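Enquirer: Please see the structure below; I have some questions.
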Amino acid sequence: ADADPRIVLINERAPFSKYLGIIGMADALVSSHRSEGFGYLPAYAMLQKLPVIVTDHSGTEDFCDNTTSFPVSCDLVEIKRGDFVYHADGARWADVHVSSLAEAMVLVRTNYEEARKRAKLGYETVSRLYSMKSMCERYEQNLATMIFSNAT
């Protein structure tokens, strides 16, 4: 990275607005994660209508698919003792296929129309699924279900 002037490493705390600004400066977002709780970084990029390349595993599967992003295949491998802060027998995480990651990066770079199309659908999907209105409706449904379940 030090030898390539196109690569900028940022190692600082930043206010949320700067964080979003940095994401918005990108041509695309690459999240080759091993495991992701929700996927805020890909979601924020989608809300900025950026093409998103993402490991096809974990929380991002709720909104990243072949229509909204560029999912990259992976193998699920056991997490070995010492590989992570906590150890849980049988726990697994993603080991991304590097060749598939490279193919997705080339596709986004060379097929602008497809990248824009998926970025637009990604924006629409994240906006629809995680808008305040949509979230409130889901909370209401869940609360109603919990109340009804406890009443019987």
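Enquirer: According to the square roots a ≥ b ≥ c of the eigenvalues of the Cα gyration tensor, what is the shape class of the stretch 59-152, taking rounded for a/c under 1.5, prolate for a/b larger than b/c otherwise, and oblate for the remainder?
Expert: Verdict is oblate for the stretch 59-152.
Enquirer: Shifting gears a bit: Would you mind working out the accessible area per residue for the stretch 18-105, using a 1.4 Å probe, and quoting it in Å²? Don't skip to the end; give the middle numbers.
Expert: Working: 4900 Å² over 88 residues.
About 56 Å² of surface per residue is accessible.
Enquirer: Could you look at the chain and say what percent of its accessible area is carbon and sulfur, using a 1.4 Å probe and all protein chains?
Expert: Its accessible area is 55 percent carbon and sulfur atoms.
Enquirer: Take each complete run of DSSP H in the chain, measure how far its Cα atoms stretch along the helix's own axis, and keep only those covering 24 Å or more with mean Kyte-Doolittle hydropathy at least -1.0; list them.
Expert: Membrane-span-like by this criterion, though nothing is claimed about a membrane: 132-151.
Enquirer: What lysines does LYS49 reach when the alpha-carbon gap must be under 26 Å and sequence neighbours fewer than 8 apart in one chain are set aside?
Expert: LYS18, LYS117, LYS120, LYS133
Enquirer: To continue, here is another question. If I build a Gaussian network model for the chain, linking alpha-carbon pairs within less than 10 angstrom, which residue out of TYR123, TYR44, TYR139 has the largest mean-square fluctuation?
Expert: Among TYR123, TYR44, TYR139, the largest GNM mean-square fluctuation belongs to TYR139.
Enquirer: Just to be sure I understand: of the beta bridges DSSP finds with both ends in the chain, what percent are antiparallel, rounded to 5? Numbers along the way, then the final one.
Expert: On the way: 5 of 11 bridges.
The answer is about 45 percent antiparallel.
Enquirer: Nothing charged except the Cβ atoms of Lys and Arg (+1) and of Asp and Glu (-1): what's the magnitude of the dipole of the stretch 1-149 about its Cα centre? Round to the nearest 20 debye.
Expert: 480
Enquirer: Who wins for biggest fluctuation among GLU103, GLU113, GLU137 in a Gaussian network model of the chain, springs between alpha carbons below 10 Å?
Expert: The residue that fluctuates most here is GLU137.
Enquirer: Can you give me the relative contact order of the chain as a percent, contacts being Cα pairs under 8 Å and 6 or more apart?
Expert: 21
The values are calculated or read from the model by the stated rules, or taken from the named source; none is laboratory data. All of these numbers come straight from a predicted model, not from anything done at the bench. We place every Cβ from the backbone using ideal geometry, glycine too, and count neighbours over all the protein chains shown. Side chains included, ligands, DNA and RNA excluded: accessible areas come from the protein's heavy atoms. Shrake-Rupley method; radii C 1.70, N 1.55, O 1.52, S 1.80 Å.
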